[in-house]
Amino acid sequence: MNKVVANADEAIKGIESGMTLMLGGFGLCGIPENCIAALVRKGVNNLTCISNNAGVDDFGIGLMLQQKQVKKMISSYVGENAEFERQLLSGELEVELIPQGTLATRCMASGYGMPAVYLLAGVGTEVAIGKEVRNFNGKDYLLEYAFDSDFAIVKAWKGDAQGNLVFKDTARNFNPMMAMAGKITIAEVEELVPVGELHPNEIHTPGIYVHRIFQGTDYEKRIEQRTTRKKN
Amino acid sequence: MALNKEQIAQRIAKELQDGFYVNLGIGIPTLVANYIPEGVNVVLQSENGLLGMGPFPFEGDEDADLINAGKQTITTLPGSAFFDSAMSFGMIRAGKVDLTVLGAMEVADNGDIANWKIPGKMVKGMGGAMDLVAAAKNIIVAMQHTNPKGESKLLPKCSLPLTGVKCVKKVVTDLGVFDITEEGFRCLEHAPGVTIDEIKAKTAGRLVIADDVKEMTF
């Protein structure tokens, strides 16, 4: 079994225009920078992207928006991106906004083999329009379907040739559940370590969910809101 | 004098109880963390995957991998825990978070809240707000009493698309503290120097003044 590929360009082989992709990350934290750059180089378009956010104007998924590669975004929050807003208001881009927990859980459901789940978020709001409502113990819930994606692209801190992944701090966010939800899952890692170096106790995503893995390079890890305090 | 944002946060901090798990939204709610009363230990939950959120890092110690839900750089504390987004909203949905504090554009006198969308103008998205308001046991809204045009944000019915239905328990504004009750907004406290008449004039929703209404203290 060899899941290791040389680089991002090789990792995204098979991604074609019109496909549905999941991209991990929260804001610019824990995003697959190398694969996004490779998708921009490849120039595939008409993509449906499932990702919590849409990056900023000149980084993250924003780079793909600049090249008009995205047909539809499925996200929970898309502020901080003027180009996104422009494309949306001009009708060039479709967007489906869904509650953040619903987004995470629809990915999770896919990785757990569950076709749908009943969730609370959005009951009585426009998010509920057209959805089946069912009452459990006196409370209404919405039927929400598991997400399918052709490729899931995630970013981890460490990984090995088996595809086992460990995430760092809050860069974990959506990455583990998106890793579970791809028909093909690509993981880019900051450090590809020899098999056996990661202790079985510490693995967040078992390798069974990961099909391709490579060590990324030149991580920029941009900070959106640099907030600090002064020493005394 | 109407309260400033820091004072609204300071007043909300008095609602915190020892042992609470608390989720603070973006804006005024974030400031609540600066006023946690002495002797009260709370654990702050950040829905991007952290329990035990610490203060902002010292200059030079920022880590791009460690942010809060507002994408600000933060730190951990002894006892902190990281987890993924599904578990984060799992604990919210399961009612493990004791208190949620968030901002709003409008609150109705039945507890409805609108804070995610202005049709045709603002399309940023709801983030985690819909999940939080649908599930949290106790929701306090922190906001200005009126919008920049001077119109009441405490309404008989929200005019903007809803974030959640009948979920808000308490509203703290620059003018006072209000419980949501069967009778509508129940004014418990007024800001120092703010008259009941001013509150009545600036509240469009149903309003009752508590018999024992008092001036806010900090």
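Would you mind computing, in nm to one decimal, how far apart the modelled labels at A:Val193 and B:Glu183 are, each placed 7 Å from Cα along Cα→Cβ?
6.3
Rolling a 1.4 Å sphere over the protein heavy atoms, what is the accessible area per residue of chain A, to the nearest Å²?
It amounts to 42 Å² per residue over chain A.
Once the Cβ-Cβ distance between A:Glu10 and B:Lys149 is put in as r, and R0 is 56 Å, what FRET efficiency do you end up with, to the nearest 0.05?
E between A:Glu10 and B:Lys149, to the nearest 0.05, is 0.50.
Please report the antiparallel percentage of DSSP beta bridges with both residues in chain B, rounded to the nearest 5.
Once the DSSP bridges in chain B are tallied, antiparallel ones form about 50 percent.
Which far-off residues, 5 or more places away or on another chain, put their amide H under 5 Å from the one on B:Glu106, with H placed in the peptide plane?
B:Ala114
Taking 7 Å along the Cα-to-C-beta vector as the label spot, tell me the A:Asn2-A:Phe59 distance in nanometres, rounded to one decimal.
3.5
Could you work out the relative contact order of chain B, using alpha carbon pairs under 8 angstrom and six or more residues apart, expressed as a whole percent?
Taking the mean separation of contacting Cα pairs over the length of chain B, I get 19 percent.
For the range B:138-200, what's the relative contact order in percent, using C-alpha pairs closer than 8 Å and at least 6 residues apart?
Averaging sequence separation for qualifying contacts and normalising by length gives 28 percent for the range B:138-200.
Give the Rg (one decimal place) followed by the Dmax (whole number) of the range B:1-85, computed from C-alpha coordinates and expressed in Å.
13.2, 44
Quick check on packing: order B:123-132, B:187-196 by the mean number of other C-beta atoms within 10 Å, highest mean leading.
Packing order, densest peptide first, comes out as B:123-132, B:187-196.
Could you give me the ³J(HN,Hα) list for the range B:184-190, computed from phi with Karplus coefficients 6.51, -1.76, 1.60 and θ = phi - 60°, whole Hz, x at Gly and Pro?
Once rounded to whole Hz, the list reads x, 5, 10, 6, 9, 9, 10.
Once you average over the residues of A:104-110, how many Cβ atoms of partner chains fall within 10 Å of each Cβ?
4
How shielded is B:42-51 by partner chains, expressed as the average number of their Cβ atoms within 10 Å of its Cβ atoms?
Average per residue, whole number: 3.
Compute, for the range B:6-65, the length of the dipole vector about the Cα centre, with Cβ point charges of +1 (Lys, Arg) and -1 (Asp, Glu) only. Units Debye, rounded to 20.
In total the dipole reaches around 400 debye.
Let me know the mean shielding of B:91-101 by other chains, meaning the per-residue number of their Cβ atoms within 10 Å of its Cβ.
Other-chain Cβ atoms within 10 Å of each residue's Cβ, averaged: 1.
Once you wrap a convex hull around the alpha carbon atoms of the range A:4-49, what is its projected area averaged over all directions, in nm²?
Mean projected area for the range A:4-49: 3.4 nm², to one decimal.
How long is the gain from A:Ala161 to A:Lys230 if the chain were fully straight, where each residue apart is worth 0.36 nm and the alpha carbon distance is subtracted?
Gain on stretching A:Ala161 to A:Lys230: 20.6 nm.
Ignoring everything except DSSP H segments at least 4 long, calculate the 222 nm mean residue ellipticity for the protein assembly as shown; use -39,500 (n - 2.57) per segment, divide by total residues, nearest 500.
The per-residue figure over the protein assembly as shown is -4500 deg cm²/dmol.
So for the range A:12-109, averaging the separation of alpha carbon pairs under 8 Å that are six or more residues apart and normalising by length, what relative contact order in percent results?
Relative contact order comes out at 23 percent.
Considering only the range A:7-76, what is the antiparallel percent among its DSSP beta bridges, to the nearest 5?
20
Take the Cα coordinates of the range B:86-175, assign each an equal point scatterer, and use the Debye formula without solvent to give log10 I(q)/I(0) at q = 0.22 Å⁻¹.
-1.08
Quick one: what do you get for the range B:1-145 if you divide its Cα Rg by 2.2 N^0.38 Å?
1.04
In sequence order, what are the phi-derived ³J(HN,Hα) couplings for the range B:135-150 according to the Karplus relation 6.51 cos²θ - 1.76 cosθ + 1.60 with θ = phi - 60°, rounded to whole Hz, with x for glycine and proline?
After applying 6.51 cos²θ - 1.76 cosθ + 1.60, I find 10, 5, 6, 9, 10, 10, 9, 10, 6, 6, 5, 10, 7, x, 7, x Hz.
When ranked by the protection proxy of mean other Cβ atoms within 10 Å per residue, highest first, what sequence do the peptides A:201-209, A:96-104, B:154-162 form?
My ranking of the peptides, most packed first, is A:96-104, B:154-162, A:201-209.
Could you please tell me the mean projected area of the C-alpha convex hull for the range A:73-166, averaged over all directions and given in square nanometres to one decimal?
8.9
Under a Cβ-only charge scheme (Lys and Arg +1, Asp and Glu -1), can you give me the dipole magnitude of chain B about the Cα centre, in debye to the nearest 20?
780
Per q in 0.06, 0.08, 0.10, 0.13 1/Å, what log10 I(q)/I(0) does a Debye calculation on the alpha-carbon atoms of the protein assembly as shown return?
-0.27, -0.47, -0.72, -1.16
Say R0 is 30 Å: what FRET efficiency, to the nearest 0.05, do A:Tyr118 and B:Ile26 get from their beta-carbon distance?
0.60
Using the alpha-carbon centroid of each, what span in Å lies between the range A:199-228 and the range B:21-87?
21
As a test of reading the structure, rank A:Val4, B:Val141 by solvent-accessible area (1.4 Å probe, protein chains only), most first.
Per-residue accessible area, sorted high to low, gives A:Val4, B:Val141.
Return P(r) of chain A (all Cα-Cα pairs; 10 Å bins starting at 0; whole %; ordered from short to long distances).
Computed distribution, short to long bins: 8, 32, 34, 19, 6, 0.
Summing both sides, how much accessible area is buried between A and B? Use a 1.4 Å probe and give Å² to the nearest 100.
Approximately 4200 Å² gets buried when A meets B.
Whose amide H sits under 5 Å from the amide H of A:Asp148, counting only residues 5 or more places off or on another chain, with H placed in the peptide plane?
Placed amide hydrogens put nothing under 5 Å from A:Asp148.
Which residues does the label zone of A:Glu92 cover in the range A:20-46, counting backbone N under 15 Å from a point 7 Å along Cα→Cβ?
A:45-46
Build a GNM of chain B with springs between Cα atoms under 10 Å: which of B:Asn68, B:Asn48, B:Asn34 gets the top mean-square fluctuation?
Maximum among the listed residues: B:Asn34.
Once the dipole of chain A is set up with Lys and Arg at +1 and Asp and Glu at -1 on Cβ about the Cα centre, which of A:Gly101, A:Val78, A:Met180 lies farthest towards its positive end?
The residue sitting most towards the positive pole is A:Gly101.
Take the alpha-carbon centre of the range A:1-64, take the same for the range A:144-193, and report the distance between them in whole Å.
12
Could you sort the peptides B:75-87, A:146-158 by per-residue average Cβ neighbour count (10 Å cutoff), highest mean leading?
By packing density, highest mean first, the sequence is A:146-158, B:75-87.
Using +1 at the Cβ of each Lys and Arg and -1 at the Cβ of each Asp and Glu in the protein assembly as shown, identify which of B:Met122, A:Gly196, B:Gly193 lies farthest towards the dipole's positive end.
Farthest along the dipole direction, towards plus: B:Met122.
Which ³J(HN,Hα) values, rounded to whole Hz and listed in residue order, are derived for the range A:185-195 from phi using the Karplus coefficients 6.51, -1.76 and 1.60 in 6.51 cos²θ - 1.76 cosθ + 1.60 with θ = phi - 60°, glycine and proline given as x?
10, 10, 10, 9, 10, 6, 9, 8, 9, x, 4
State to the nearest 20 debye the size of the charge dipole of chain A about its Cα centre, where the only charges are +1 on K and R beta carbons and -1 on D and E beta carbons.
Roughly 360 debye, rounded to the nearest 20.
The values are calculated or read from the model by the stated rules, or taken from the named source; none is laboratory data. Bear in mind the structure is a predicted one, so any value in this text is a computation, not a measurement. Virtual Cβ from ideal backbone geometry, glycine too; neighbours counted across all protein chains shown. Side chains are part of the model used for accessible areas, which takes the heavy atoms of the whole protein and leaves out ligands, DNA and RNA. Shrake-Rupley method; radii C 1.70, N 1.55, O 1.52, S 1.80 Å.
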